[in-house]
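Here is the structure we will look at, set down as structure tokens.
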Amino acid sequence: MNKSKRPFTKSKRSFRRRLPPIQSGDRIDYRNMSLISRFISEQGKILSRRVNRVTIKQQRLITIAIKQARILSLLPFLNNQKQFER
């Protein structure tokens, strides 16, 4: 049997790499609300590292920044306001 012919090979699909959520110029800081708000869910919870697609170091810095912003009342601890549609 000829090894060069493989009937059941996976096709090499080209996939588009997702852009990292944090660029090299972005500073992870409690004052950078536009950056921090991307890593918080609708309920006000901090999203996990897998969902965010960030490194461990970045996730730690994000968590610290979010907690500092909550203490300084820049961010709510909880977001339980229910949106009523009429």
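Read-outs: derived from the displayed coordinates by stated rules, not from any lab. Please read all numbers here as calculations on a predicted model, not as lab measurements. Note that we place each Cβ from the backbone using ideal geometry, even for glycine, and neighbour counts take in every protein chain shown.
Each of Arg38 and Val51 was given a label point 7 Å from its Cα along the Cα-to-Cβ line. The distance between the two points is 1.6 nm. Name the shape class, rounded, prolate or oblate, that the alpha-carbon gyration tensor gives for segment 35-85, where a ≥ b ≥ c are the square roots of its eigenvalues, rounded holds for a/c under 1.5, and otherwise prolate holds if a/b is larger than b/c and oblate otherwise. Oblate shape, in that a/c is at least 1.5 and b/c is the bigger or equal ratio.
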